[in-house]
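Here the structure is laid out as structure tokens; the discussion comes afterwards.
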Amino acid sequence: MKTITVSAPGKLLLIGDHAVVYNRPCLVTAVDQRMWVSVSVTAQQDLELKAKDLAISRYKKEIKALGTGDIPKGATFVEIAVKNYIEKFPFQGGVSVETTSEFSSTVGFGSSSAATVCVLKALSEATGNTLDNDSLFKLAYKTVLDIQGVGSGFDIAAAIYGGVLYFVGGGKVIEPLAVSTMPLIVGYSGKKGDTPTIVKAVAEKIKTNPGIYESIFDTSTACVEEGKKALLSGGFVRFGELMNIAEGLLAGLGVETLQLAAMNYAARNAGAYGAKLSGAGGGDCMIALVPYDRSNDIEKAITQAGGTVIPVKTNAQGVRVEA
Ligand code: MEV
């Protein structure tokens with residue numbers, strides 16, 4: 001029984017949060033904290049899962065029952081990924097999966113998407129099917145939509161391709177950008193944001209004033225297009241300014257929290273080029289783009305504002321087979 005181990009990076013959304021759900025572009029970077037998944041094909045007709053970071057010590061389900069009945073929250077993405085894989089590429093036997101993560105599932109680095117990508121990639125290796133990045137994206141994105149019903153897929157793309165991407169909602173464009181490491185500081189707000197709930201709340205809000213929200217998304221698109229140019233030319237001062245504008249738009253969508261705002265202002269006052277929440281909002285993390293010589297002061301300011309600094313490097317490699 002051969003075990004395949006695959007890893008994939010977490011992600012941080014740089015600019016374009018929420019707008020990307022509405023077929024707009026965003027900029028995303030993969031980060032060097034990774035999800036690891038080991039998969040083996042077994043003789044039993046079961047899925048067996050160990051995921052200690054998701055509080056699953058041992059979960060077992062018959063292959064033919066996948067997707068039915070009660071599924072513990074921490075097992076959902078793995079179970080539906082295995083189900084979708086077997087529906088597309090049927091094989092005899094069962095699957096044993098073990099996941100370990102270098103980042104907590106509470107910080108909003110995309111643990112579910114990274115785990116989904118890893119499971120599908122490892123299964124394809126274990127069963128001898130070649131899944132190119134495009135097919136892997138489609139199957140992983142279907143898995144996320146089957147579970148959440150909403151989502152742009154940018155986190156799936158980051159887990160697969162790595163690096164810094166220009167991404168248009170649903171994967172209509174996935175363009176790797178030649179960007180060097182970004183001087184980014186990440187501050188965790190101490191509260192987990194519930195992405196699907198927040199995305200659905202924003203969708204409800206849009207119905208009340210469609211034209212106004214449309215213009216928020218138009219401005220977000222302009223920030224992403226300008227931000228892409230700035231990143232490609234190393235224009236961090238310009239990019240920081242665009243991040244600040246983007247935060248204003250997210251406040252307009254109502255997804256900024258007082259805690260995130262306090263951390264953003266603290267970072268800016270301590271010399272950051274720009275600071276904004278990253279992802280759905282309602283909690284999770286903020287990011288600050290900083291001059292290298294101000295990093296310590298900015299980290300201290302974020303901590304004093306109640307945040308926890310998480311050290312990350314941007315531009316990490318995408319999904320890879322480790323063993
Ligand atoms: C959540 O991390 C980012 C959102 O734009 C949702 C998505 O793109 O799937 C709010």
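What follows draws every value from the coordinates through simple rules; no lab data is involved. Keep in mind that this is a model prediction, so the values were computed, not measured. With ideal geometry, Cβ positions are generated from the backbone for all residues, glycine too; neighbour counts draw on all protein chains shown.
You can think of it this way: the chain between residue 104 and residue 173 has 21.9 nm of extra reach, that is 0.36 nm per residue less the Cα-Cα gap. State the dimensionless ratio Rg/Rh of the stretch 113-204 (Rg: radius of gyration of Cα atoms; Rh: Kirkwood radius). Answer for the stretch 113-204: 1.01.
Across the stretch 1-120, Cα pairs under 8 Å and at least six residues apart give a relative contact order of 33 percent.
Coordinate range of the alpha-carbon atoms in the chain per principal axis, descending: 59, 43, 33 Å.
Which residues does a label at residue 320 reach in the stretch 164-201, if reach means a backbone N under 20 Å from a point 7 Å past the Cα toward the Cβ? Hits in the stretch 164-201 for residue 320 at 20 Å: 164-165, 176-182.
Histogrammed with a bin width of 10 Å, the alpha carbon distances of the stretch 217-309 distribute as 19, 49, 30, 3 percent, first bin at zero.
If R0 is 41 Å, the Cβ-Cβ spacing of residue 145 and residue 269 corresponds to a FRET efficiency of close to 0.50. Ranked for footprinting exposure by Cβ neighbours inside 10 Å, fewest first, 119, 97 give 97, 119. When the Cα gyration tensor is reduced to axis lengths a ≥ b ≥ c, the ratio a/c is 1.5 or higher for the stretch 161-210, and with a/b not above b/c it is classed as oblate. Just so you know, the Rg over Rh for the stretch 206-254 is 1.07, from Cα atoms, with Rh as the Kirkwood radius. Helices in the chain, meaning DSSP H runs of at least 4 residues, each add -39500 (n - 2.57). Divided by all residues, the mean residue ellipticity at 222 nm is -13000 deg cm²/dmol.
Highest GNM mean-square fluctuation among 25, 196, 210, for the chain modelled with Cα contacts below 10 Å: 210. Normalised by residue count, the stretch 71-163 yields a Cα convex hull volume of 108 Å³ per residue. Sorting 105, 57 from the fewest to the most surrounding beta carbons within 10 angstrom yields 57, 105. For residue 3 and residue 204, FRET efficiency with R0 = 30 Å and r from the beta-carbon atoms, rounded to 0.05? With R0 = 30 Å, the Cβ-Cβ based efficiency is 0.10. Build a GNM of the chain with springs between Cα atoms under 10 Å apart, and of 129, 244, 269 the one that fluctuates most is 129.
Return the ratio Rg/(2.2 N^0.38 Å) for the stretch 12-108, where Rg is computed over Cα atoms only.
On the way: Rg = 16.1 Å, N = 97, 2.2 N^0.38 = 12.5 Å.
Normalised Rg, Cα atoms only: 1.28.
Would you mind checking the tilt of helix 258-269 against the longest principal axis of the Cα atoms of the chain, expressed as 0 to 90 degrees and rounded to 10? With both axes taken from Cα atoms, the answer is about 60 degrees. Compared with the alpha-carbon gap, the fully stretched path from residue 48 to residue 237 is longer by 63.1 nm at 0.36 nm per residue. Percent of Cα pairs in the stretch 129-269 per distance bin of 5 Å, from zero to the largest separation: 2, 8, 14, 18, 21, 20, 12, 4, 1, 0, 0. Among 256, 48, a tally of other beta-carbon atoms within 10 Å of each Cβ gives an order, fewest to most, of 48, 256.
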